[in-house]
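Report on the structure given below.
Read the figures in this text as sums done on the coordinates, not as results from a lab. A quick note: this is a predicted structure, and the numbers were derived from the prediction, not measured. Neighbour counts are summed over all protein chains in view; Cβ atoms, including those assigned to glycine, are modelled from backbone coordinates with ideal geometry.
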Amino acid sequence: MAIDQRFQQRRQAKPVHKKRNYATLAVSIIILVVIFSIVYTGILWLLSITSVSGLSGPTNVTLSSTTPSVFSIGGNEYAIGLVPGSTSSGSAIIEITKDPAFVNPTMRVVLITGNATRINASGGKYANVEIELYSIASGSIKAAITPLAPTLQLLPDSSRISYAQTSISPLSASQTGNAPALPTTTIASTTTTTVSQAATDYDIAISALERNHWYPLATNLTKMYGNSGNCTSLQYNNTYYGKFAMSPTGAATYQNVTAVTPYKMTFSMTNSSAIYNAVYSTYSTGVPSGPALFITINVTANTVIANGTIGLWQGLSYLNIKSIYNTAATYTGSCGILIASAP
């Protein structure tokens with residue numbers, strides 16, 4: 001009789017084991033489906049991209065609303081594309097996703113023609129890239145992308161940055177979504193604030209200056225010029241030889257280049273009523289020191305109304321100065337700006 005009872009208990013227990021096996025199998029299938037979806041999405045994203053462009057300095061690019069472009073900036077890769085249907089007169093919205101796309105949120109950034117927008121695409125506190133919108137076409141935009149060193153501690157233009165609900169991988173016409181409205185009452189400053197009656201004219205002038213395309217370039221060069229005093233004659237000669245496979249002679253010698261290259265650049269701000277003048281001045285041992293760049297701001301309109309190069313930079317355009325910085329940034333140490341300034 002006891003044997004019959006044990007036999008019945010075993011027969012009744014079998015369905016329980018089967019149910020447990022079915023549950024384990026179902027969970028395994030779900031896990032495999034999730035893994036396959038992630039891998040498949042990654043493969044589709046890679047197939048949608050033709051190449052990866054490495055950026056070490058200011059670069060002119062075309063961003064499309066159909067296929068994102070991928071750029072390597074500071075050791076990380078970012079997919080950047082135009083949000084379909086987001087362009088208007090003088091503005092456009094782009095999406096930026098840091099690789100790997102399935103674990104990083106997608107940024108949406110408002111770009112305004114003629115203005116440089118600083119972005120913390122890496123997800124850190126400080127900006128690591130600047131994008132300036134040049135022109136808008138059907139389904140694409142032309143812009144300049146400039147890597148920024150986070151060590152400069154430049155804050156991003158947070159009022160122009162939001163986060164999309166979907167990924168950029170890959171962009172398609174079905175992902176238009178609702179484009180965020182252009183900011184009207186907020187501006188970017190050393191801290192993101194709302195302009196109100198409490199904001200002084202000086203605060204507004206500084207904020208407008210920081211949105212201008214000259215600002216990050218002048219900030220970077222100020223740091224480079226200040227560091228050039230640490231470049232010794234031996235370091236300069238070795239760096240020069242490494243670039244040109246010859247020793248410097250004539251105007252390119254250490255003594256001659258250091259005499260005409262600024263060892264310091266300072267900033268000052270003056271005003272007459274609502275018009276503020278920001279001036280960057282250079283200091284050199286062999287040429288007269290003085291203003292090299294001026295930026296004029298109308299605080300009533302909250303915008304830059306004029307800028308230009310004078311003094312040591314007389315006759316040089318923004319692209320000329322940016323090219324010098326771009327060359328200098330390719331060198332490690334303190335001699336880069338001297339090598340870039342050598343004839």
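Express the Stokes-Einstein translational diffusion coefficient of region 43-154 in µm² s⁻¹, to the nearest whole number, given a Kirkwood radius over alpha-carbon pairs, 25 °C and a viscosity of 0.890 mPa s. Could you put the intermediate results ahead of the total?
Values: Rh = 14.0 Å.
Translational diffusion coefficient: 175 µm²/s.
By the count of neighbouring beta-carbon atoms within 10 Å, fewest first, 132, 77 end up ordered 77, 132.
List 283, 241, 236 from most exposed to least, where exposure is judged by having the fewest other Cβ atoms within 10 Å.
Working: 283 16, 241 12, 236 24.
Ascending Cβ contact count within 10 Å gives the list 241, 283, 236.
Ranked by how many other Cβ atoms sit within 10 Å of their own Cβ, fewest first, the residues 163, 225 fall in the order 163, 225.
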